[in-house]
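Worksheet for the structure shown next.
The values are calculated or read from the model by the stated rules, or taken from the named source; none is laboratory data. Just so it is clear, the model here is predicted, and its values are computed rather than measured. Neighbour counts run over all protein chains shown; Cβ positions are idealised from the backbone, glycine included. Ligands, DNA and RNA are stripped out before the accessible areas are found, and what is left, the full protein with its side chains, is counted by its heavy atoms. Shrake-Rupley method; radii C 1.70, N 1.55, O 1.52, S 1.80 Å.
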Amino acid sequence: MDSGRIGEHGFLADGHSAALVDRAGSVNWWCPPRFDAPSVFGRLLDDRAGHWTIRPEEDFTSERSYLDETLVLRTVFTTRTGSVAVTDTLALEPGARGHEIGLRSPRVLARLVEGLTGEVPMRMEYQPRFEYGRVSAYLTGSDDGQIDNTAGACRLSLRANVPLDLGAGRATGRFTARSGTSHHFTLGYAETYGPGPPALPDADRVVADAVAGWRSWADLHRDQYRGRYREQVRRSALVVQGMTYQPSGAIVAAATTSLPEELGGDRNYDYRYVWVRDFSFTLQALWRAACPDEANRQFSWVSRAMGRIGDDPVPIMYGVHGERDLTEHPLDHLSGYAGSRPVFVGNNAWKQRQNDVLGEILDAAWLMRHYLDPMTPDVHHLLHALADQAVVDWRRPDAGMWEARDAERHYVSSKVQCWTALDRAVRFGPRIGDAGDVARWAAARDEVREVVLTRGWNERLGAYTGAFDSDQLDASVLLMPLVGFLPADDPRMRSTIDVVERGLSRDGLLRRWNDDPAGFVICSFWLVGCLVQAGEVDRARRLFERLAARVNDLGIYAEQVDQTTGEQLGNFPQAFSHIGLINAAGRLTEAEERFGASARQAVPTGAGTTEGARR
């Protein structure tokens, strides 16, 4: 059976992991222990890898939405005989509210079926497959309607108030949803050799508590963002919160692995980890749309994960507990989404040198500088060591922010972010170094700038290119004005923005490079930010609104969007995409607040950079 297109999925979260359910009522992805754990439902990557479907027997149409300010999903199915609602949620700890939600979630997936009108014959198919579809467990039933299945390290228990039939590795059931009736399904996970059995609370209680929990979090941040596009920003902030592994505070890049950048292609990577690259952008977004508590947790997490910095390249990604070894291996038994192989667990980018991360961390620290006073010894060491690394490493080639696997190059964006690291270190001054340190950092900063301005510029193209002495356009150079390296209205930078937009954009969707198969969402939002800084606020606003309309019907982005069909591609949901929306909306708001809603050419150089972010 077709598991549905990437963008047709809804996103459920509990602060530990995520589940994806399509508009046909099939849960096609769930890794209960944590985001990067093996799946028990993996149909998204292979029809044989497990699913849990509740849907009408007959032909239907479906409409769905989140209950207001929650990640609780309600799908209404309509058939010729009536209508029925299925409400899906991952459970939060009973009574958890505000910043406590997700810390101790019970690993429960609840589904509540309610008849709305007429009578609708329904069917349920429950087919768990452990270890990414490798293992089919024995199912055993009890008189009270509970089904247990255990294999290896994983134990699941399903409770339903409808009769279920057990088959080989699956359970099925048929029932009729009548107006005013409800049917409850609760699926709990526990470790096979853990302290107790899976929790199986009533589905209606799980739904009610999840609604209250998510809304309590939203209430805490209701007044944090008062700018334009509040609905889109609040939805994106909720998605980013759902991508947060609450025990540590780490935000994963995406909830899935190996969803392709191109259908049938092989650029299929595991994104269920935490990238340092996302760090300063994430903190800016949390600053705007959440609150300093979340930003502080993020900075604390990354400083603990990095530990004491030496001379080796800074690790660029981690597991949610701060693990460094994320060695990649293929799952050869899976056919991949739409036949897109290979399917991977782990990501070998953890081994790469990516010099841009130095700037990400120091830029984030500068944003949070008032919260780092007094500065602890570990943070002092971290910032000083990263600045020292930038003095040396800016001269070295690296894999770049797009994580090239063929060869290291002198990527312009990496050099620019080394400049960012040195620039922020100089601004910190005596807080992180003595007079000799600051002078050394300043000299290196100025040298980086001079070399980038010379070797990064291509006179024939009239643009800064992706690497030194290259003729290839790359959207990553749009970071130059966003981090304050060059003003957007500098003649060469302004030309670069125009050339990149003409060469890589279609209907507002910006590819990363010429052969990129689809528009990369956050790059498109970077273009919005550049246009704001260049003074073209009205054009930036129009572009933002086109991009904001590219979400699915639930307000969710994948990593990329096909420039021709509009289909979402890549891992889903993608935190980076939603972070891009939040920051672009914030830049537009700041420009209009300063210079009026009718501003066109009035935004001065540097407006909207991290220096101007809310303190």
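With an 8 Å cut-off on Cα pairs and a minimum separation of 6 or more residues, tell me the relative contact order of the stretch 44-132 in percent.
With pairs under 8 Å counted, the relative contact order is 36 percent.
Give the accessible area for Phe60 in Å² (nearest 10); use a 1.4 Å probe, count only protein heavy atoms, and leave out ligands, DNA and RNA.
Ignoring ligands and nucleic acids, Phe60 comes out at about 50 Å².
Mind checking the dipole of the stretch 490-588: about its Cα centre, +1 per Lys or Arg Cβ, -1 per Asp or Glu Cβ, Debye to the nearest 20?
Roughly 300 debye for the stretch 490-588.
With an 8 Å Cα cut-off and a minimum separation of 6 or more residues, compute the relative contact order for the chain in percent.
Reported as a whole number, the value is 12 percent.
Would you kindly find the accessible area of Tyr371, with a 1.4 Å probe and non-protein molecules such as ligands, DNA and RNA excluded, rounding to the nearest 10 Å²?
Solvent-accessible area, nearest 10 Å²: 110 Å².
May I ask you to compute the full-extension gain from Asn296 to Asp507, defined as 0.36 nm times their residue separation minus their alpha-carbon distance, rounded to one decimal in nm?
Extra length available between Asn296 and Asp507 comes to 72.2 nm.
So how tilted is helix 230-242 from the main axis of the chain? Cα-based, degrees 0 to 90, rounded to 10.
The helix 230-242 is inclined about 70 degrees to the chain.
Can you give the FRET efficiency to the nearest 0.05 for Asp515 and Asn348, using r as the Cβ-Cβ distance and R₀ = 22 Å?
Given R0 = 22 Å and the Cβ-Cβ separation, E is 0.55.
Tilt of helix 279-289 relative to the longest C-alpha principal axis of the chain, in degrees (0 to 90, nearest 10)?
The answer is roughly 70 degrees.
Using modelled amide H (1.01 Å from N, peptide plane; none on Pro or chain starts), what sits under 5 Å from the amide H of Val343, excluding residues fewer than 5 places away?
Correct list: Leu331.
When all protein chains stay in place, what accessible area (Å², nearest 10, 1.4 Å probe) is found for Val537?
0
At 222 nm, what helix-only mean residue ellipticity would the chain give, in deg cm²/dmol to the nearest 500, using -39500 (n - 2.57) for each DSSP H run of four or more?
-10000 deg cm²/dmol
Just name one of Ile101, Pro121, Tyr132: the one whose Cα is farthest towards the positive end of the charge dipole of the stretch 81-138 (beta-carbon charges, Lys/Arg +1, Asp/Glu -1).
Value: Tyr132.
If each of Arg267 and Glu119 carries a label point 7 Å out from its Cα toward its Cβ, how far apart are those two points in nm?
According to this spin-label approximation, the distance is 5.4 nm.
Which of rounded, prolate or oblate describes the stretch 95-144 when judged by the alpha-carbon gyration tensor and an a/c cut-off of 1.5?
Note, shape of the stretch 95-144 comes out oblate.
Name the residue farthest towards the positive end of the dipole of the stretch 334-388 from the options Pro342, Met368, His381, assuming +1 on Cβ of Lys and Arg, -1 on Cβ of Asp and Glu, about the Cα centre.
Selected residue: Pro342.
To the nearest 0.05, what FRET efficiency results for Asp471 and Asp446 with a Förster distance of 22 Å applied to their C-beta separation?
0.25
What distance in nm lies between label points placed 7 Å from Cα along the C-beta direction at Arg542 and Asp47?
Each label point is offset 7 Å from its Cα along the Cβ direction, giving 4.6 nm.
If you take the charge dipole of the chain about its Cα centre, with +1 on Lys and Arg Cβ and -1 on Asp and Glu Cβ, which of Gly42, Met480, Thr89 is farthest toward its positive end?
The residue sitting most towards the positive pole is Met480.
List residues of the stretch 445-464, by number, whose backbone nitrogen lies under 12 Å from a label position 7 Å along Cα→C-beta of Arg395.
Only 448 fall inside the zone, counting backbone N under 12 Å.
Tell me, what is the FRET efficiency for Glu459 and Asp553 to the nearest 0.05, using R0 = 51 angstrom and their Cβ-Cβ distance as r?
0.65
Kirkwood Rh and Cα-based Rg: tell me the resulting Rg over Rh for the chain, rounded to two decimals.
Using Cα coordinates only, the ratio equals 0.99.
How much of the accessible area of the chain, in percent, comes from carbon and sulfur atoms when a 1.4 Å probe is used?
Accessible surface attributable to carbon and sulfur in the chain totals 48 percent.
Would you mind calculating the gained length between His370 and Ala168 on full extension (0.36 nm times residue separation, minus the Cα-Cα distance), in nm to one decimal?
66.7 nm
Tell me, in nm to one decimal, what length is gained between Arg308 and Thr564 on full extension, where the rule is 0.36 nm per residue of separation less the Cα-Cα distance?
87.5 nm
Suppose every Lys and Arg Cβ carries +1 and every Asp and Glu Cβ carries -1, with no other charges. What dipole size does the chain come out with about its Cα centre, to the nearest 20 debye?
My answer is approximately 780 debye.
Tell me, what HN-Hα J-couplings in whole Hz come from the Karplus equation 6.51 cos²θ - 1.76 cosθ + 1.60 at θ = phi - 60° for each residue of the stretch 519-525, using x for Gly and Pro?
In residue order, the calculated couplings are x, 9, 4, 5, 4, 5, 6 Hz.
What angle, in degrees between 0 and 90 and rounded to the nearest 10, separates the Cα long axis of helix 537-548 from the longest principal axis of the Cα atoms of the chain?
That works out to roughly 30 degrees.
Does the stretch 512-598 come out rounded, prolate or oblate by the C-alpha gyration tensor, with a ≥ b ≥ c the root eigenvalues, rounded set by a/c under 1.5 and, if not, prolate when a/b is larger than b/c and oblate if not?
Verdict is prolate for the stretch 512-598.
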